[in-house]
1. What figure, in Å² to the nearest 10, do you get for the accessible area of Asp83 with a 1.4 Å probe and non-protein molecules left out?
2. Under a 1.4 angstrom probe, counting protein chains only, how are Ile139, Ile92, Ile146 ranked by accessible area, largest first?
3. Report the calculated FRET efficiency for Glu112 and Ala43 (r = Cβ-Cβ distance, R0 = 35 Å), to the nearest 0.05.
4. If ligands, DNA and RNA are left out, what is the accessible area of Thr78 with a 1.4 Å probe, given in Å² to the nearest 10?
5. Going by Cα centres, segment 147-166 and segment 30-45 are how many Å apart?
6. Under 11 Å from the 7 Å Cα→Cβ point of Tyr121, by amide nitrogen: which residues of segment 151-166?
7. Going by accessible area, probe 1.4 Å, with all protein chains left in place, what is the ranking of Glu123, Glu140, largest first?
Amino acid sequence: MTSSAHTDQPTNPTTTGAGYVAALLEHDRLHPAALDLDLERPAVRAIIALFVELKTGEHADGGWNGGDTVSTLARWFTGLGIDPGRSAPSLIRGLARAVERPGPTAEKDCAELALPALQAYREHTGARAGDFDDPEVLIEVGGDLIADLFHLARDAGLTPDALIDPALRHLHDETPHDSDRRG
């Protein structure tokens, strides 16, 4: 059940990571290749386990209950760290960020973007001094900044959720498997 890898895939992101990911997906859609079903690879075993789970719920006529199938797929994607409620463009942007800045570097880069804002906020308000590597300092100063952003949102006629929801989407896009981590 193995085959050689398909070699004429796009290999160089030409404009952006999103363009590269979209090109890979489109290439595979237009030029399906035989897949390498190497059972040594965890991804292959996960796909086979999904198929077995789907077949377990199969009706006598060979059909699958649509609701059960959707629930099984949603649970499977969630287990992979993919939010089934997320739009396809959002998923591609998240994958692109991982291609552009793989692994912990992406999270570190984004965290470093927040540091000047926290420092400026602390200087402006006289908030607690200390190193932002200290969780207590980060919680106090970061919490105060977020609370003031909520006040700003309310002044603009918005709820705090208007800031929280897109912030969590950005976080999920920038760190695709972060949803499993809790502090």
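1. 80
2. The most accessible residue leads, giving Ile139, Ile146, Ile92.
3. That gives a FRET efficiency of 0.65.
4. Its accessible surface works out to 80 Å², give or take rounding.
5. Value for the Cα centre distance between the two parts: 45 Å.
6. In segment 151-166, the label zone of Tyr121 (backbone N under 11 Å from the point 7 Å along Cα→Cβ) covers 151.
7. Glu123, Glu140
The values are calculated or read from the model by the stated rules, or taken from the named source; none is laboratory data. Since the model is a prediction, treat every value here as computed from it, not as a measurement. Glycine gets a Cβ as well: all are built from the backbone with ideal geometry, and neighbour counts include every protein chain shown. Ligands, DNA and RNA are stripped out before the accessible areas are found, and what is left, the full protein with its side chains, is counted by its heavy atoms. Shrake-Rupley method; radii C 1.70, N 1.55, O 1.52, S 1.80 Å.
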